[in-house]
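Read through the structure below, which is laid out as structure tokens, and then see the notes.
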Amino acid sequence: MKINDVILQTVTKIAVFIILTFAVDLFFAGHHHPGGGFVAGLVFASAFVLLGLAFDLETVRKGAPFDFKKLGALGGFLAVGTGLLALIWDASFLTQTFITVSLPIIGELDVATVTLFEAGVAFTVIGVVVTVIMGISEGR
Amino acid sequence: METLIILLTGFLVSVAVYLLLSRSLVRVIIGTSLLSHAVHLLLLTMGGLKKGGVPIIGEKTLAYTDALPQALILTAIVINFGVTALFLVLAFRTYQETGTEQLDQLRGMADE
Amino acid sequence: MNNIIVLPMVIPLFTAIILIFFLSYVRVQYWLSLVALVITAALSGYILELIQREGILRLDFGQWPPPFGILFVADSFATILVLTASIVSALILIYAYYAGQSEHDHPRFFYSLILFLVAGVNGSFLTGDIFNLFVCFEVMLLASYVLITLGGRKRQLRESVKYIGINVLSSWLFLVAIAYLYGTAGTLNMAHLAERMAEAGPTPLITVISILFLIVFSLKAGLLLYFWLPGAYSAPPTAVAALFGALLTKVGIYALFRIFSLLFYHDPFVSETLLGIMAALTLIGGSIGAVAYNDIRHIVAYNVVIAVGFILVGLAIATPAAIEGSIYYLIHDMIAKGLLFLLAGTIVTLTGTGKIEEMSGLIRHYPLLGWLFFIVILSLVGIPPLSGFIGKVLLGQGAVQAEAYLLLGLAFLSSLFVLYSLLRIFLNCFWGETTISEGEETPLRKGLIIPSFILAMLMFGLGLGAELLAPYVKEAAETLLNPNLYIEPILYQ
């Protein structure tokens, strides 16, 4: 049976970009306000899930042509790696640091290692969620 | 406020227990998920519910909130998320393999 | 600051993540993970030596001083267990590699998962924060949830539903207990908690919390609440079952030792009487189970239950000799149970059945396998010079000193049941007329027997070299019996 899902598909086309932007915003908001890698990752993944629901998994795979398992692994690598970086400078595991840089237009910006860590968390969450959902909906 | 939250926790636990005791595997999974929501609320309440600023010395607020329970809950949510995702995949695989998600029909199959 | 003590957890974790990039290269995965585990073992040996020289080591994550941040603490007890766990899992990994081609359909994530499991186990041993203990437990359990389903046979899926269900529930109880503990004591750092508990004494609230923790860890360790264990441990492939049998319950036992020697030792009703009763009932139940079944995997799984009871008898008695005995026996049991599960799994793979009455005369074709099995039996029963002996003697000594004759009797009677249940396997499977004719037998690959052989040698080594290990074990027992030795270096240095 063919279901008429024109409305869903049209809304999805626009909503996906809003969701993705919101995810990025959440990610950077997490530095000083509520938000952060985990939430951003979940929102990000939900965009892919929505795409998968409205169209099909092929569309998702064409739109994001990379292995989500490897993305998850990359995230884990970043998260643990930033923890290990501290060892090189003879600080305790997971010690964080930051530098303040001045950029044109944007102004003062704190660049912290914790952002890298959060990016790792976000990647891991995206990787895991999309892998699990794809795994279930494909029937492996 | 604490009393309310504790009552809510108790309500969530009782719903979760009801679901856990059902025969459908999917309901059991929803039950475990609800259980952990209940315990997150409990963790929050145990840290003390109050309004206040961030616990940083130098910030000019009189009351501080305890940041630790929130950190604990965040971690617990992440773990619960992982476990639930995995449990769902497993339930799906079980359904595929055995053709049922009723727990009583899974029992004691002579297949080996 | 001692970054080295985080490495036994981080090296396996990091390697596990890197392995995902090499999904299609099984050989690369195998070598990488083996190297990681060997390095981990070597490092933990070094840490053990370091503790002898410098006392208990601690590492504050992100340089947050205790009790504010989370931290890792390496004392002798934890480090000995980390060392043993790393060695045993490295050997089981070798077995898994050679068994892999035939046994698992999806070995792609296998090595990653094993390393995640080891990271969780090592983390649980080393952590000094009770919530971090929960997190490490979960890392270990998540890996074990996936490992138990690898292969995806119906029986495995069914057992894993039960296994995951029971563990999710016990993790939930763990969180509830942590919530109450935090509400009562206002801290989660173990040393800090120990201090606060000592100040407060055994109030009813604390007793309730301690019983909650007792239930949680009993579920994880299989102390009295072992009903889920035989099914779960007999379902997965051999190497995974060996890893479970060698490591998983031991983490629960470690947690029981840590919690009840450091935090809740003020109320003898819980830490001695209740634990003693539970250990005794475990011994009885495990013994009955071990004799009752005819499936080799079930018998072996019930032997795990007996060992859990035996080790916790030492904690319930809590004299220096008994604790030392328990630690020796814990080390011995990690090695012996790993070996026992490997051998039992090999037998099942070779004959294609788990029922002992359906096999016979295996020793004609596989003499080395037979004798290795015989050595494990002797070691588990406690015949000198094998590794089980020293633990049993010390535990017996401790029990006599504390005049706990009932526990002593039950503990040693359970050894007889171990002997009987395993000899039954030995006589049925290895003795008698062979049912396999000449030239028809499945060849036993060297890769499968070599890890078992090394494990057996380790048992001899542990038995004969108990003297070498003595200073470490003595120090471990001292720290367990004297909480101030643990608190001092964490809060006041």
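Which value at 222 nm does chain C reach when only helices count, each DSSP H run of 4 or more adding -39,500 (n - 2.57), with the total divided by all residues and rounded to the nearest 500 deg cm²/dmol?
After summing the helix terms and dividing by residue count, I get -25000 deg cm²/dmol.
Hey, what's the Kirkwood Rh for the range B:2-106 if you take every pair of different alpha carbons, in angstrom?
Mean inverse Cα-Cα distance, inverted, gives 15.9 Å.
Using 0.36 nm times the number of residues separating C:Glu358 and C:Tyr25, minus their current alpha carbon distance, what extension gain do you get?
116.0 nm
Given points 7 Å out from each Cα along the Cα-Cβ axis, report the A:Thr97 to B:Leu7 separation in nanometres with one decimal.
5.4 nm
³J(HN,Hα) across the range C:461-473 via Karplus (A = 6.51, B = -1.76, C = 1.60, θ = phi - 60°), whole Hz, x for Gly/Pro?
Each residue of the range C:461-473 in turn: x, 5, x, 7, x, 4, 5, 5, 7, 3, x, 5, 5 Hz.
Can you give the relative contact order of chain A as a percent, counting alpha carbon pairs under 8 Å and 6+ residues apart?
Here the relative contact order equals 27 percent.
Whole-Å semi-axes of the range A:19-88's equivalent ellipsoid, largest first, each the root of 5 times a Cα gyration tensor eigenvalue?
In descending order, the three semi-axes are 26, 18, 7 Å.
What is the log10 of I(q)/I(0) for the range C:143-265, computed with the Debye formula using one identical point scatterer on each Cα and no solvent, at q = 0.15 Å⁻¹?
Result of the Debye calculation: -0.71.
Which percent of Cα pairs goes in each bin when the distances of the range C:226-330 are cut into 5 angstrom slices starting at zero?
Over the range C:226-330, the share of Cα pairs per 5 Å bin runs 2, 13, 22, 23, 18, 12, 7, 3, 0 percent.
Within the range C:441-463, name every residue whose backbone N is under 17 Å away from a label modeled 7 Å from Cα of C:Phe374 along the Cβ vector.
Hits in the range C:441-463 for C:Phe374 at 17 Å: C:453, C:456-457, C:460.
Return the average number of partner chain Cβ atoms within 10 angstrom of each residue Cβ along peptide B:30-42.
3
Would you mind calculating the relative contact order of chain C from Cα pairs under 8 angstrom and at least 6 residues apart, reporting the percent as a whole number?
16 percent
Quick one: Debye curve from the C-alpha atoms of the range C:392-493, no solvent, what's log10 I(q)/I(0) at q = 0.13 Å⁻¹?
Values returned for q = 0.13 Å⁻¹ are -0.86.
Restricting things to alpha carbons, tell me how big the range C:255-386 is in terms of Rg and Dmax, in Å.
Rg, Dmax (Cα atoms, Å): 17.3, 57.
Among C:Cys429, C:Cys136, which comes first, second and so on when ranked by fewest other beta-carbon atoms within 10 Å?
Ascending Cβ contact count within 10 Å gives the list C:Cys136, C:Cys429.
How high is the relative contact order of chain B, in percent, with contacts defined as C-alpha pairs under 8 Å that are six or more residues apart?
It rounds to 25 percent for chain B.
Give the order of C:Ile70, A:Ile88, C:Ile317 when sorted by the count of other beta carbons within 10 angstrom, beginning with the fewest.
The fewest-first ordering by Cβ neighbours comes to A:Ile88, C:Ile70, C:Ile317.
With a Förster radius of 51 Å, plug the Cβ-Cβ distance of A:Trp89 and C:His266 into 1/(1 + (r/R0)^6) and report the FRET value to the nearest 0.05.
Approximately 0.75, to the nearest 0.05.
Under a crude label model (7 Å from the Cα following the beta-carbon direction), how far is C:Leu50 from B:Ala63 in nanometres?
Roughly 4.5 nm, to one decimal.
Whole-Å semi-axes of the range A:6-136's equivalent ellipsoid, largest first, each the root of 5 times a Cα gyration tensor eigenvalue?
So the three semi-axes of the range A:6-136 are 31, 19, 10 Å.
At 20 °C and 1.002 mPa s, grab the translational diffusion coefficient of the range C:2-119 from Stokes-Einstein with a Kirkwood Rh over Cα pairs, rounded to a whole number in µm² per second.
Value of D from the Cα-based Kirkwood radius: 142 µm²/s.
What does chain C give for Rg and for Dmax, in Å, if only its C-alpha atoms count?
Using the Cα atoms of chain C, the pair Rg, Dmax is 21.4, 72 Å.
Could you tell me the ratio Rg/Rh of the protein assembly as shown? Both radii from Cα atoms, Rh via Kirkwood.
Value, to two decimals: 0.97.
Looking at chain A, identify the longest residue range that excludes and avoids all chymotrypsin sites (Phe, Trp or Tyr not before Pro) in DSSP loops having at most 16 other Cβ atoms within 10 Å.
Value returned for the longest uninterrupted segment is A:1-65.
Kindly provide the helix-only [θ] at 222 nm of chain B, computed as the sum of -39,500 (n - 2.57) over DSSP H runs of four or more divided by all residues, to the nearest 500 deg cm²/dmol?
-23000 deg cm²/dmol
Can you give the convex hull volume of the alpha carbon atoms of the range C:126-170 per residue, in Å³?
Taking only Cα atoms, the range C:126-170 has a hull volume of 55 Å³ per residue.
Counting just the Cα atoms, what span does the range C:131-212 cover along each of its three principal axes? Round to the nearest Å and put the largest first.
Reported extents, whole Å, longest axis first: 53, 21, 15.
Since every read-out is calculated from the coordinates, none of them should be taken as a lab result. Keep in mind that what you see is a predicted model, and the values were worked out from it rather than measured. Because the Cβ atoms are built from the backbone with ideal geometry, glycine has one as well, and the counts that use them run over all protein chains shown.
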